[in-house]
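As structure tokens, the structure follows; a few thoughts come after it.
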């Protein structure tokens, strides 16, 4: 992996871990949204240059058939010295399996360059960040006491690159964090 990209990803993962440690024991049906808001706060405080909820059109023979929104596009600048834009998809593990979440990221890496949006026109790199699910509490034998899991599980993060620039249908896993 490019060492500049690796430094950016390591800092991004560190921020994700801070958010996860702080919010992990809170539960709401839309946790993904709350984690994403907290991550936006961290990115802003560290002076990342980014765009959130970036629209990507999905095309059929050049005709737009659907719009989708990528959670973030991290741009060069601030602590990110990597010269390419990086698309980021953030998920909560409870929302879908890892493979389905990868497919969403790959769809963005495939479709983004077909858009006229300068943020996505030359996309080749993507991050999939998955927050761990809150586990059921451990109950005492008599059922009078409960304890939430400890230690807090780490988020999973994968960095992918599309390897065939023309058709954008092949992807390489460059690095992953948090996988056991």
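The values are calculated or read from the model by the stated rules, or taken from the named source; none is laboratory data. From a predicted model like this one, the values you see are computed outputs, not experimental measurements. Cβ sites come from the backbone with ideal geometry, for glycine too, and all protein chains shown count toward neighbours.
Here are a few things to note about the model shown:
- Among the conditions (1) surrounded by 10 or more Cβ atoms within 10 Å (Cβ to Cβ); (2) closer than 18 Å to residue 16 by Cα, residue 151 misses just one, which is (1).
- With respect to the conditions (1) crowded, with 16+ Cβ neighbours inside 10 Å; (2) assigned to a strand (DSSP E or B); (3) within 17 Å of the chain's Cα centre (by Cα), residue 57 falls short on a single one, namely (3).
For every residue, the table says whether it meets (1) in a helix (DSSP H, G or I); (2) touching a residue at least 60 places away in the same chain (Cβ under 8 Å); (3) within 15 Å of the chain's Cα centre (by Cα).
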residue: 21; (1), (2), (3): yes, yes, no
residue: 35; (1), (2), (3): yes, yes, yes
residue: 38; (1), (2), (3): yes, no, yes
residue: 43; (1), (2), (3): yes, no, yes
residue: 53; (1), (2), (3): no, no, yes
residue: 70; (1), (2), (3): no, no, yes
residue: 73; (1), (2), (3): no, no, yes
residue: 89; (1), (2), (3): no, no, yes
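- Cβ-Cβ under 6 Å pairs, at least 6 apart or on other chains, region 153-166 side closer than 17 Å to residue 112 by Cα, far side in a loop (DSSP other than H, G, I, E, B): 161/124; 162/124; 162/168; 163/170; 164/170
- Condition check for residue 59: in contact with a strand residue (DSSP E or B) (Cβ under 9 Å, 6 or more places away or on another chain), farther than 20 Å from residue 122 by Cα and modelled with pLDDT under 90: no
- Filter pass, residue 113 being over 14 Å from the mean Cα position of the chain (by Cα) and either closer than 18 Å to residue 83 by Cβ or not in a loop (DSSP other than H, G, I, E, B) (or both): yes
Residues checked against (1) buried (at least 20 other Cβ atoms within 10 Å of the Cβ); (2) over 13 Å from the mean Cα position of the chain (by Cα):
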| residue | (1), (2) |
| --- | --- |
| 46 | no, yes |
| 77 | no, yes |
| 104 | no, no |
| 108 | yes, no |
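- Residue within region 128-142 that is more than 25 Å from residue 35 (Cβ to Cβ) and modelled with pLDDT of 90 or more present: yes
- The single residue among 69, 91 that is within 22 Å of residue 15 (Cβ to Cβ) and surrounded by fewer than 22 Cβ atoms within 10 Å (Cβ to Cβ) turns out to be 69.
- From the options 134, 129, residue that is touching a residue at least 60 places away in the same chain (Cβ under 8 Å), surrounded by fewer than 22 Cβ atoms within 10 Å (Cβ to Cβ) and on the phi < 0 side of the Ramachandran plot: 134
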